[in-house]
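We did not get these values from a lab; they are worked out from the coordinates using the rules stated. No experiment lies behind these values; they were computed from the predicted model shown. When we count neighbours, we look across all protein chains shown, and the Cβ atoms used for this are built from the backbone with ideal geometry, even at glycine.
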Amino acid sequence: MILENILIGLNNAVSLASLIAIVIGTSLGLFVGAMPGLSATMAIALLLPITFGMDPATGISMLASLYMGAMYGGSIAAILIKTPGTPAAAATVMDGYPLNEQGKAGKAFGISLFASLIGGVLSSIALMTIAPLLGNLALQFGPVELFAVAVLGITIIGSLSQGSTLLGLLSGAIGLLLALVGMDPITGTPRFTFGSIYLFSGIPYTVALIGLFSIPQAIRLIERDEKVKKAINSFTDKMLPTLDELKLIIPNTIRSSIIGIVTGIIPGTGGDTACWFAYNEAKRFSKNKDKFGKGSIEGLSAAESANNAVVGGALIPTLTLGIPGSSATAIIMGGLMVHGIMPGPTLMTEHAGITYTLIWALLFSSIAMFGLGLIFTRLAINVTKISNKILAPVIIILCVIGSFAINNSIFDVYLMFAFGILGYFMNKINMPTAPMVVGMILGQMLDTSLHQSLLIGQGSWMVFIKNPISAVLLAIALISVLQSTPLFSFIKKKIKSNKKEAVN
Amino acid sequence: MFKRNRFFVLLSVIMILSVLLAGCGSKETAKEVKYPEKPINVLQGFKPGGGSDTLAQLTQPYLEKILGQTFVNQYMPGATGAIAWTELCKKSKNDGYTLSITNTPMLMTNYIMNDEITYSIDELDPIANVVTDPGVIVVGKDSKYETVQDFLDDVKANPGQITVGNSGVGGDDFFTTLMVERETGLKFKMVPFDGDGPSWQAAAGNKIDVSFNNLGITYPQIEAGNLRILAIFSEERNDMVPDTPTFKELGYNVVAGSSRGYSAPKGIPDEIKEILCQAFEEMAENPDFVKAANDRALPVDIKVGDEYAKYLKEQEEAFTEIWNEVKDQYKN
């Protein structure tokens, strides 16, 4: 029965109309992904009405391909101009841009494409085979569990702090505080809005992200000596990874893909969280920890495979239960409803033809993304040849367009510039900006879920320990924190010396 | 030669006159207003792909056919719609070329609950309500409650302990819960979520005891067996769930839900308002439209012009009254 449906889906997906829809969807995705501020969610919402006239399977395939393409597209701008094209590509900046600075932009593109391919393919396979088993996981995550996820996420801040840990933690703490701006989700009271209704919904973190990453970069390009730039601008390296590199990144991408799939399944978390989780774990397991942040291909491949794996992961609860795993899948779900298909368990039975076409389309779009990506990045790489005097203003224009496009609000453009100036001075004192972004992404989740959990637990903090999932996640968080304290290295030394004694 | 020219001049004068007269004639039948002559802007207070966009995508193809003009959606998300509605009431021209999708109860509760939000429904001309999604009480499939009475009895035995999810402070489910508390004299533990989805998901996963939600949103899950419906907050039983009792049947007068429609800035010309109202009425009679709405689980509830205005006004009064009773718990 299942096998039959899989084959029907394959048959539908290889039709000319479907393949064209997949290629168009993926190309559009690559484009919107590469443009800072234009997100996959926005593009899917805008494309949605166009798909109404299409056959349901073709239309939905196009939307899913767009999602997949955009998840990769975000890394193009991240590597080239240190501006994440989508929030899910924020972690790509950490190692992608340093590689570009070392004249290895081609390599960075190749690695990120390869990692995205693995992430996309693995998540499609998970969706095709074990989706019904994993779908129920989404229902396991209520406020208590989400709080634990947010706490675990915050421990990442520590590992993102290059140089001074203190400054990194400070940056993360400011991010958490900034996430509190806006209407209190539980009481409805406006906090730190200064009477402006534009702040009622809080600070959109995409706006902050664009400002913090891109504006300082644009200013730096102007400040920097043109001659120095030209010297590092030759790229003769091969795009595809070598055998040695593959050995390094394959276990890494598989682990990151699993992280991406699981993060995708959890409602309310998507590519923007998954990339940081995967990056953090890659660093934890890596033998070359000091390379992270300075052009590590492990860090780059972790972030990129995770954000593409989110696509399939987020579709798992969407298709099996009708629970969107991310904001982009929420719109895809709306698209299904327009075609008269109620998301939920019937998707896997009654509408299996459409569902499996969609899953195959996702798999094909990963491959299309790899092919199109190779062509697209070859062209995009020419951006590094552009003079800084032209590139810097272009980046600023993209930032303005991007931050305006999010809510069609000029207020957000001012906000973006404010964060840009903040980011510039943070760079001057060597205070990392990435922890602030992580703080802003997780802060709102932390705040809401904490308050909800305490309501559910009748005010008792024990609710977090009584719940098995949250207890385990919080324990991991605790170990992560202890790992970087002197206590942990003391224990490690003890164990080592004990072992030595045992050998002797 | 000259005579011939005069003949042509005369002929052309007659022709022009007849065209003008014909024009006058047709003008008279259209009450001297030609509308719409250019695309109509629709301000949306929520993100593309959300509930208000769903309504736009559902209605606009039919309205475009009736009116012969296109609609241009302008998304201005933020402050639960207040940014777009402030724009509509304070800054938009009342020439009929700017409309907005107006959602209850947020349209009213925004300014009832926040002094910083300054527009009010007195500054707009309601055109037509399109859908109303009735409120429902749902529980997870494994819940210990079989009937709504089980639930109410349990609340009576454990006042303030039973967790009840809603879609957020100021939303319809939040106010429905307050109305039920007032009618029954019971006390719940209210847990606000970020939207209807997370609220029913928490109930389905047994994270909370019950969720106050909406029929259209939870219907697929009720069908699939992930949720069970205990009661519906409508005047009469609903055909989609004929076995579910209304809350009124239990003797408590609570009728609630969320509705979405179109409104214009205050003072648009009567003729234009009339044309728009007629367009909505015509759309409601189209079986294709009704089917499309049913496919999306959107219960059609057309109320045009004054009827819609009256509906909004009554809701405004009800929400103001409830909020005044409870606001001290929420505002510091």
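Placing unit charges on the Cβ atoms of the charged side chains and taking the dipole of the protein assembly as shown about its Cα centre, the candidate lying farthest along the positive direction among A:Leu450, B:Met76, A:Leu117 is A:Leu117.
Size of segment A:313-434: Rg and Dmax of its alpha carbons, in Å, are 21.0, 59. Semi-axis lengths, largest first, of the ellipsoid equivalent to segment B:196-332 are 30, 23, 14 Å, with √(5λ) applied to each eigenvalue of the Cα gyration tensor.
Between A:Ile20 and A:Ala173, the simple spin-label model (points 7 angstrom out along Cα→Cβ) gives 5.9 nm.
Taking every alpha-carbon pair within chain B, the share separated by more than 31 Å comes to 40 percent.
Residue order for B:Ile137, B:Ile322, fewest other beta carbons within 10 angstrom first, comes to B:Ile322, B:Ile137. Here's the picture: charge each Lys and Arg Cβ at +1 and each Asp and Glu Cβ at -1 in segment A:2-494, and of A:Leu127, A:Ser257, A:Met333 the one pushed furthest to the positive end of that dipole is A:Ser257. Normalised by residue count, segment A:1-143 yields a Cα convex hull volume of 139 Å³ per residue.
For segment A:272-373, the pair-distance distribution built from all alpha carbon pairs, in bins 5 Å wide starting at 0, is 2, 12, 18, 18, 14, 13, 10, 6, 4, 2, 0 percent.
Averaging the sequence gap over all C-alpha pairs within less than 8 Å and six or more residues apart, then dividing by the number of residues, gives chain A a relative contact order of 28 percent. With the dipole of chain B worked out from charges on the C-beta (+1 for Lys and Arg, -1 for Asp and Glu) around the Cα centre, which of B:Val169, B:Gly267, B:Ser143 lies farthest toward the positive end? Most positive-ward Cα: B:Gly267.
Beyond 18 Å, what share of the Cα-Cα pairs of segment A:376-484 remains, rounded to the nearest whole percent? The calculated P(r) of segment A:376-484 puts 73 percent of pairs beyond 18 Å.
Taking a spot 7 Å from the Cα of A:Ile130 along the direction of its beta carbon, which residues of segment A:1-29 have an amide N less than 20 Å from it? Only A:2-3, A:6 fall inside the zone, counting backbone N under 20 Å. Based on DSSP H segments of at least four residues, each scored -39500 (n - 2.57), chain A has a per-residue ellipticity at 222 nm of -24500 deg cm²/dmol. With Rh defined as the Kirkwood radius, the inverse of the mean 1/r over Cα pairs, the Rg/Rh of segment B:29-149 is 1.09. Mean residue ellipticity at 222 nm, helices only, chain B: -14500 deg cm²/dmol; runs of at least 4 DSSP H residues each add -39,500 (n - 2.57), and the sum is divided by the number of residues. Helices that extend 15 Å or more along their long axis by alpha-carbon positions and average at least 0.0 on the Kyte-Doolittle scale are, among the DSSP H runs of chain B, B:2-29.
Assuming charge only on the beta carbon of Lys and Arg (+1) and of Asp and Glu (-1), the dipole of segment A:2-494 about its Cα centre is about 1540 debye to the nearest 20.
Sorting A:Trp360, A:Trp276 from the fewest to the most surrounding beta carbons within 10 angstrom yields A:Trp360, A:Trp276. Give me the base-10 log of I(q)/I(0) for segment B:215-257 at each q in 0.14, 0.17, 0.34, 0.35 Å⁻¹, Debye formula, one uniform scatterer per Cα, rounded to two decimals. For the requested q values the scattering log ratios are -0.30, -0.44, -1.25, -1.28.
Projected label points at B:Glu64 and B:Asn253, each 7 Å from Cα along the beta carbon direction, are separated by 4.5 nanometres. Within chain A, helices built from complete DSSP H runs that reach 24 Å or longer along their own axis (Cα positions) and carry a mean Kyte-Doolittle hydropathy of 0.0 or higher are A:16-34, A:56-81, A:105-129, A:205-223, A:243-265, A:297-321, A:352-380, A:388-407, A:410-428, A:434-456. Charge dipole (Cα centre; +1 on Lys/Arg Cβ, -1 on Asp/Glu Cβ; no other charges) of segment B:134-250 amounts to roughly 360 debye. For the protein assembly as shown, the fraction of C-alpha pairs more than 56 angstrom apart is 12%. Applying Stokes-Einstein at 20 °C and 1.002 mPa s to the Kirkwood radius of segment A:2-494, computed over alpha-carbon pairs, gives a translational diffusion coefficient of 95 µm² s⁻¹. Computed extension length for A:Ile50-A:Phe488: 152.0 nm, one decimal, from 0.36 nm per residue of separation with the Cα-Cα distance subtracted.
Among DSSP beta bridges lying fully in the protein assembly as shown, give the percent that are antiparallel, nearest 5. Of those bridges, close to 65 percent are antiparallel. Under the convention that each Lys and Arg Cβ holds +1 and each Asp and Glu Cβ holds -1, the size of the dipole of the protein assembly as shown around its Cα centre is about 4340 debye. Of all beta bridges that DSSP places with both ends in segment B:134-250, some 55 percent have antiparallel geometry.
When all alpha carbon pairs of segment B:134-250 are counted in 10 Å bins from zero, the resulting P(r) reads 15, 53, 31, 1 %. Relative to the current alpha-carbon distance between A:Thr189 and A:Ile479, full extension at 0.36 nm per residue lengthens the span by 100.8 nm. Normalised by the number of residues in chain B, the average gap of Cα pairs under 8 Å and 6 or more apart makes the relative contact order 23 percent.
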